[in-house]
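Below you'll find the structure, written out as structure tokens, and then a few comments.
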Amino acid sequence: MKKVRFFGAIITLAATLAWPQETFSRFDRDRALEMFKVIDREVRQHYYDPKFHRLDWDANVAEIKQKIEEAPSLNMALADIAAALTKLDDSHTFFLPPQHVARTDYGFQYQIVGDRCFVTHVRPASDADSKALKAGDEVLAINGYKVTRDTLWKMDYTYSVLRPQPGLRLALKDPAGGERKLDVAATVHAGDRLTYPPNSEWDIIHAREKQQQIVRTRYLELGDKVLVVKLQEFLYSEVEGLVGKARKYPNLILDLRGNPGGEAEALKYLVEGMFDRDVKIDDRVTRKDSKPEVAKKGRNPFAGKLVVLVDSKSGSAAEMFARVAQLEKRGFVVGDRSAGAVMEAQRFTETYMGANTAVFYGASITVADVIMSDGQSLEHTGVTPDEVVLPSAQDMASGRDPVLAHAAETLGIKMSAEEAGKAFPYEWPPEI
């Protein structure tokens, strides 16, 4: 069992093996029940609220066991296990199933802007691209289900993790107001079933290197007055050099849009790099006690003006940093309301050993509630920016970024939305 403390989001999975989709035998059903037994044990031992938010956990477990017994396939049995954890209504507690061998790419990215969902990027040469799906198209429904802030993460989890689909049916509205329906086929990248030990560790290293390239911190200098930093994930290795570079400028724009969170220590280090005094980040409330998390005075912190950018994909540590900046009147927050996914979790990775196969699965389990210094939780509410600035459908269609342009303007820098849109070109995740 592996444990990792993090303020993360439902993005990265610890599972590394697909379960073969053959006839659901008694043997495989028993293995699904064994997996659920282990997950149940981990939740009972580690979940921060021993009362489970007044959910009758015993009844929940009994119901899920019965559903697994009646499930027509392994996919449905795994979905039942996932359902047991989603009943806690907790952004950081979820099932990590064995990953499918084939990797599914739908060819487009989308996110909530305000209270609506929009396509933000379309992968070139994908089926979505060939069918003229465009950035700026509003997504009204996916496979018949209405898209909202509350439902989008569930759709992502279902279609990307639990039950990848051969395609998605989209109900769309274009920037001019015209509505249409579109069937978008997924690209499926075949993989090899992982045996124990792995056949080639070099394949794993190569995939990791590609991912590290995507999450690297990116910088943009606006003359000698403003440094713009695109921090894509809270990793200690990525924030370590950030403060030193920022000190050379009187103004800093910290772009946390799309940042899902990350390591708790990286958050603490960055807060220390922005303050010349001790700062309370939060109270960490576990099933045993409540302890304050305090960032100590930085040795040589960045002392200039700070503007923080957030959007609906800014989660956990990203939200916490933005809220600390607000509460301590250290920075000005611009953009969209953040994800509202703020808890502290640990990942518990388990291994089911077969004769010649290792199946990796597990769960992310919230081990502490996070209460900010104003006594409030950000879970389900998020951070409301000091100034809400949203891109329009036309902005997304044209690749303009009015949010970054406005942030630069508040610091005395003239920057068009067109120029801002070219600052950090979108990089597609690797096809592995």
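Of all residues in the stretch 76-130 being assigned to a strand (DSSP E or B) and aliphatic (A, V, I, L, M), which is nearest to P260 (Cα to Cα)?
Only one residue fits best here, namely I112.
Yes/no matrix, rows are residues, columns are (1) surrounded by fewer than 18 Cβ atoms within 10 Å (Cβ to Cβ); (2) over 25 Å from P429 (Cβ atoms); (3) out of contact with any Gly (no Cβ under 9 Å at 6 or more places or on another chain); (4) not assigned by TED's automatic domain parsing to the domain that holds V403:
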position: R247; (1), (2), (3), (4): yes, yes, no, no
position: K288; (1), (2), (3), (4): yes, yes, yes, no
position: E293; (1), (2), (3), (4): no, yes, yes, no
position: A318; (1), (2), (3), (4): no, no, no, no
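State all residues of the stretch 215-246 that are of a type in the set (K, R) and modelled with pLDDT under 95; if no residue qualifies, say none.
Matches in the stretch 215-246: R216 only.
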Identify the single condition in (1) out of contact with any Ser or Thr (no Cβ under 8 Å at 6 or more places or on another chain); (2) modelled with pLDDT under 95 that G8 does not satisfy, given that it satisfies every other one. (1)
Could you tell me which residue of the stretch 132-153 is farthest from P391 (Cα to Cα), considering only residues that are among the basic types (K, R) and surrounded by 15 or more Cβ atoms within 10 Å (Cβ to Cβ)? R149
Go through (1) surrounded by fewer than 16 Cβ atoms within 10 Å (Cβ to Cβ); (2) over 21 Å from S364 (Cβ atoms) and name the single condition H53 misses. (2)
By residue number, the members of the stretch 108-147 that are within 18 Å of the chain's Cα centre (by Cα) and at positive phi are G114
Subset of the stretch 131-152 [touching a Ser or Thr at 6+ places or on another chain (Cβ under 8 Å) and either in a helix (DSSP H, G or I) or hydroxyl-bearing (S, T, Y) (or both)]: Y145, R149
What's the number of the condition A295 fails, among (1) within 23 Å of L220 (Cβ to Cβ); (2) at pLDDT 95 or above; (3) small (G, A, S)? (1)
Examine the stretch 259-272 for a residue that is part of a strand (DSSP E or B) and among the basic types (K, R), and state whether such a residue exists. no
Would a scan of the stretch 111-121 turn up a residue that is crowded, with 21+ Cβ neighbours inside 10 Å and without any contact (Cβ under 8 Å) to a residue 40 or more places away in the chain? yes
A62 is checked against (1) of a type in the set (A, V, I, L, M); (2) modelled with pLDDT of 90 or more; (3) within 26 Å of the chain's Cα centre (by Cα) and fails just one. What number does that condition carry? (3)
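Would you point out which residue out of K313, K329 is without any contact (Cβ under 8 Å) to a residue 24 or more places away in the chain, in the same structural domain as Y249 (by TED's automatic domain parsing), among the charged types (D, E, K, R) and out of contact with any helix residue (DSSP H, G or I) (no Cβ under 9 Å at 6 or more places or on another chain)?
Criteria check complete, one pass: K329.
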Among the residues of the stretch 385-395, is there at least one that is surrounded by fewer than 18 Cβ atoms within 10 Å (Cβ to Cβ) and among the β-branched types (V, I, T)? yes
For residues that are among the basic types (K, R) and part of a strand (DSSP E or B), tally how many sit in the stretch 273-298. 3
Counting residues that are closer than 21 Å to D89 by Cβ and among the acidic types (D, E), which strands (runs of 3 or more DSSP E) fully inside the stretch 299-405 reach at least 3? none
Hey, does the stretch 158-173 have a residue that's under 19 Å from D336 (Cβ atoms) and crowded, with 18+ Cβ neighbours inside 10 Å? no
In this structure, does S160 turn out to be closer than 30 Å to E34 by Cβ, in contact with an Asp or Glu (Cβ under 8 Å, 6 or more places away or on another chain) and in contact (Cβ under 8 Å) with a residue 12 or more places away in the chain? no
The residue that is modelled with the lowest pLDDT, considering only those in the stretch 17-50 that are surrounded by fewer than 18 Cβ atoms within 10 Å (Cβ to Cβ) and not in a helix (DSSP H, G or I), is P20
For I413: the one exception among (1) buried (at least 18 other Cβ atoms within 10 Å of the Cβ); (2) farther than 30 Å from E263 by Cβ: (1)
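The values are calculated or read from the model by the stated rules, or taken from the named source; none is laboratory data. Just so it is clear, the model here is predicted, and its values are computed rather than measured. Note that each Cβ is placed from the backbone with ideal geometry, even for glycine, and that neighbours are counted across all protein chains shown.
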